[in-house]
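All of the numbers you see were taken from the coordinates with simple rules; none came from a lab. Keep in mind the model is a prediction, meaning the values are calculated, not measured. We place every Cβ from the backbone using ideal geometry, glycine too, and count neighbours over all the protein chains shown.
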Amino acid sequence: MKPHSGELLVHTSPFDSARLTTPRLMIEVNLVLLPVILAATWYFGFGALLIVAAATAGAVLTEWGFAPRRAGQGRGATLADGSGVLTGILLGLTLPPGVPLWMAFVGGVAAIGLGKLPWGGLGGNPFNPALVGRAFLQAAFPVAMTTWNPQGGFAQWTELRGTPLAPPFLGSEVDAITTATPLSRMKFDGDVEALSSLFTGNIPGSLGETSALVLILCGGWMALRRLFDWRVPVSLLLTVILLSGLFHLIDETLCPNPLVMLTSGGLLFGAVFMATDPATSPAVPKAAFIFGAGIGAIVVLIRLFGGLPEGVMYAILLMNAAVPLIERVTQPRVFGR
Amino acid sequence: MSFFGARSFRHGVHPEEHKDQTAHLETERMAFVPRYELLLGQHGGKPSVPVVHPGQKVVRGQLLARADGFVSTSLHSPVSGTVRSLDRCRHPNGSLVPAIEIEADPFSAQTWPEPKPTDPSTLDNDQFVEFVQSMGIVGMGGAAFPAHVKYKLSPDKPAQKLIINGCECEPYLTCDHRVMVEFAERVVRGIRILADNLRIPEVHVGIEKNKPDAVAAMREAARGDERIRIVDLVVKYPQGAEKMLIKALLGEEVPAGRLPLEVGALVNNVGTMVAIADAFDLGRPLVERVVTIAGPNVGRPSNLIVPIGTPVRDVLDTCGGLNAETREVVMGGPMMGQPMISLDAPVLKGTSGLLAFPQTQLDRAAEYTCLKCGRCVEACPAFLNPSKLVRLAKVRRYEEMEQAYVMDCMECGSCSYACPSNIPIVQLIRVSKSSLRGKKRG
């Protein structure tokens, strides 16, 4: 053995650290989204891929161009943590299947440009950036954001839904066949979708939200890998089940079966991928329960009593705003005090 | 108490153990080296005061420096030899501190004087405390706080429960493990001496489950003594921290800023019990200890009985030296240990391990911004909010950190370990704490 002769380095303890690093966390969540993207492509054709790609391109380009950098870092250095790509993919999966690609791109720009960078980048933003992007699109292009093209099977995967290639601002005539999501049919027509279709995802809706089966599997995997704080989705979903169960017992025409509430709309997608964003959910365990429960309660209230058929996006954004307040009253009791 | 009945404390982390490198290795006695350096400040209290002069011949176990006040302890020669100088030597942290240098006699001359047993039952509490102090015994778990200070009986807060720490929750270290396996009788002997003299009715020995042979050996040695309870604990860091261990064994939280005596507990390491047994039965002061030499870059990982004062370089050479890729040597465990600035520094009474690491282990991935993921909050055994403390530390809002109880941090490093963004959380907290202490003083 060659004797050691070099200089010694001096770090500070601890001299070991957990395997999970921030970029790895982001990359793993990106990978968990692959089955969701596949399900979207299965039901809505390869246009789904184009929409996700357009939103991601908008997000990544904005991050590349404008992210605050530390001294010595090159342009785009923050892309290495994988969070910019993640925001883009998440946004893309919340969009309707027929949305024009340029709108998806603009959504990606807004997600990063409004939702993340002005707050100082990763970890500084109070609102989930992907949902900021979606809220921006909802406000700017309300028609395109509520036009639902019907789902199909794998056989139609080459068919483009809607008018994805419409040029910007030149008006997108709604020439394709459109339909209504289970939640709007429930709200406005009183029809309740079959649970089996809700479960497999064979329903109209936003790209990534339709298949409960895929989302539950992804959530289970993320919980096993400890990629998120399990308290948020668990308290969120439990609150929805309890509240909607209560309303269901009171009046069946007001509220469908809790399982229908659970598997319809963006609830599962939001619970697994959006509400659990570490930066915009509480760091204090007790606060995480309150945060999740708050989202669940607001979703039920919006769906049953609000003007909109769906409320997951606004519920999460509202509770994002409440995080500092919740944390203020849930700081852990210090050991021995 | 955790979910499934196994006892522990709340929060904490599970670092990779790396104990199989040395857990099976029997302790060996290290050969003598020509030169020893005995720091006067071995322990947490006031440095000892030399009672020898250069050129003086000393024998093994002879007093070199006496205690200076109550929170201080004696220092003895680990070898027979000649006092070379009363000068300064390198502390592991790189500073130059007062030390006594001993030139050892040839190996053949190194024998122990005749054992001089002391019967502990003849000593009252004051005499007992004085005896332990005169034998230079400190806590062997790492902090090296003078042991006798804890033994002084106070009439209003008597110690009702003696807690013996055999957790060894730091990765890599197996010295306490080996002491329990090989010297279980001595540990139990020390426990009995202490429990008898302090009239403590209950003894709880906490050992983590990853040391079943130590649990078995200790149960065997303590068989028939109704007072002693050997408890196996789930494996979790930092279970060996005094207050965590009390929580795990007794289910009680020591109030913040107070001593374990507040809940009637007295906590000692297993190694300290052996030192007490040897002091009474053989009349031997604390002049050697078991040190684990391990890590990816040590030639021959070992558990060595090392005389206090042996230069670290010599200890590492005995263990096959360091290979060329070594970039950092740590004294103590990897979670709370001290990085060595110079290998000239000697082994101290609190040196539980010497670990050598290559560059790869130390190259931290880049630091990312705080995600607010809360992994540090879930790791912190003191239930602080490290994520919030970091936010405040980075803008030097130390007063607000104090209001968030930063002074309750025991610097176990669980937060830094858990942080996916590689933020040096515990280091930021250390700096803030010392700044707050400085403000108090100034």
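Among the GluC sites (Glu not before Pro) in the stretch B:221-316, those located in a DSSP loop and surrounded by at most 13 other Cβ atoms within 10 Å of their own Cβ are B:Glu226. Relative to the globular-protein estimate of 2.2 N^0.38 Å, the Cα radius of gyration of chain B stands at 0.97. Between B:Leu64 and B:Leu75, B:His76, B:Ser77, the built amide H atoms are under 5 Å apart, and every one of these is 5 or more places off in sequence or on another chain. To the nearest ten degrees, helix A:212-224 and the longest principal axis of the Cα atoms of chain A are 20 degrees apart. A full extension of the chain between B:Lys57 and B:Gln127 corresponds to an added length of 22.3 nm, given 0.36 nm per residue minus the alpha carbon distance. Report note on the peptides B:13-22, B:272-281: ranked by the mean count of other C-beta atoms within 10 Å, highest first, their order is B:272-281, B:13-22.
Note on the stretch A:22-179: Rg/Rh from Cα positions, Kirkwood definition for Rh, rounded to two decimals, is 1.00. Close amide H partners of B:Phe145, meaning residues 5 or more places away or on another chain with modelled amide H under 5 Å apart, are B:Gly44, B:Gly139. What the Cα atoms of the stretch B:383-440 give is an Rg and a Dmax of 10.4, 34 Å.
In the protein assembly as shown, the DSSP beta bridges split such that about 65 percent are antiparallel, to the nearest 5.
Rounded to the nearest 20 debye, the dipole magnitude of the stretch A:167-323 is 660 debye, with +1 charges on Lys and Arg beta carbons, -1 on Asp and Glu beta carbons, and the Cα centre as origin.
Each Cα pair of the stretch A:212-327 feeds into the Kirkwood radius, which the Stokes-Einstein equation turns, at 4 °C and 1.567 mPa s, into a diffusion coefficient of 92 µm²/s. Every Cα-Cα pair in the stretch A:97-243 was counted, and those over 23 Å apart are 52% of them. The convex hull around the C-alpha trace of the stretch B:169-217, projected and averaged over every direction, spans 3.7 square nanometres.
Of the residues A:Phe141, A:Phe46, A:Phe269, the one that moves most in a GNM of chain A with alpha-carbon contacts below 10 Å is A:Phe141. Peptide A:272-283 has a mean shielding of 3, counted as Cβ atoms of other protein chains within 10 Å of each residue's Cβ.
Semi-axes of the equivalent ellipsoid for the protein assembly as shown, computed as √(5λ) from the eigenvalues of its C-alpha gyration tensor and ordered from largest down, come to 63, 28, 21 Å. In this Cβ point-charge picture (+1 for Lys and Arg, -1 for Asp and Glu), the protein assembly as shown has a dipole of about 1480 debye about its Cα centre. Debye-formula intensities of chain A, expressed as log10 I(q)/I(0) at q = 0.14 Å⁻¹, are -1.11 (one equal scatterer per alpha-carbon, no solvent).
Specify the angular offset, from 0 to 90 degrees and rounded to the nearest 10, of the alpha carbon long axis of helix A:22-32 from the longest principal axis of the alpha carbons in chain A. Its long axis makes an angle of about 30 degrees.
Near A:Gly190, once Lys and Arg are set to +1 and Asp and Glu to -1 for all other residues with Cβ below 13 Å from its Cβ, the sum equals -3.
Remark on B:Arg229: its backbone amide H falls under 5 Å from those of B:Val203, B:His204, B:Val205, a criterion applied only to residues 5 or more positions apart or on other chains, H modelled at 1.01 Å from N. For chain A, the longest principal axis of the alpha carbon atoms and the long axis of helix A:231-250 meet at an angle near 20°. Karplus-derived 3J(HN,Hα) values for the stretch B:128-142, using 6.51 cos²θ - 1.76 cosθ + 1.60 with θ = phi - 60°, are 4, 4, 4, 5, 4, 5, 5, 8, x, 7, 10, x, 8, x, x Hz; glycine and proline are entered as x. Extension gain, B:Arg223 to B:Lys209: 0.36 nm times the residue separation minus the Cα-Cα distance gives 3.1 nm. Shielding value for B:321-330 is 5, the average number of Cβ atoms from other chains within 10 Å of each residue's Cβ.
Let me check I've understood the local charge: for B:Ala256, count other residues with C-beta under 12 angstrom from its C-beta, Lys and Arg +1, Asp and Glu -1. What total comes out? So the surrounding residues net to +1. Over the Cα atoms of the stretch B:291-383, the radius of gyration divided by the Kirkwood radius equals 1.08; this is the Rg/Rh ratio.
In order along the stretch B:382-395, the phi-based Karplus estimate (6.51 cos²θ - 1.76 cosθ + 1.60, θ = phi - 60°) of 3J(HN,Hα) comes to 8, 6, 8, 10, x, 4, 5, 4, 5, 4, 6, 5, 5, 10 Hz; Gly and Pro are listed as x. Using a simple spin-label model with pseudo-atoms 7 Å out from Cα toward Cβ, A:Leu325 and B:Lys46 lie 5.7 nm apart.
For the stretch B:306-442, the spherically averaged projection of the C-alpha convex hull amounts to 10.0 nm². With contributions of -39500 (n - 2.57) from each DSSP H run of at least four residues, the per-residue ellipticity at 222 nm computed over chain B stands at -7500 deg cm²/dmol. Averaged over the residues of B:396-405, the number of partner chain Cβ atoms lying within 10 Å of the residue Cβ comes to 1.
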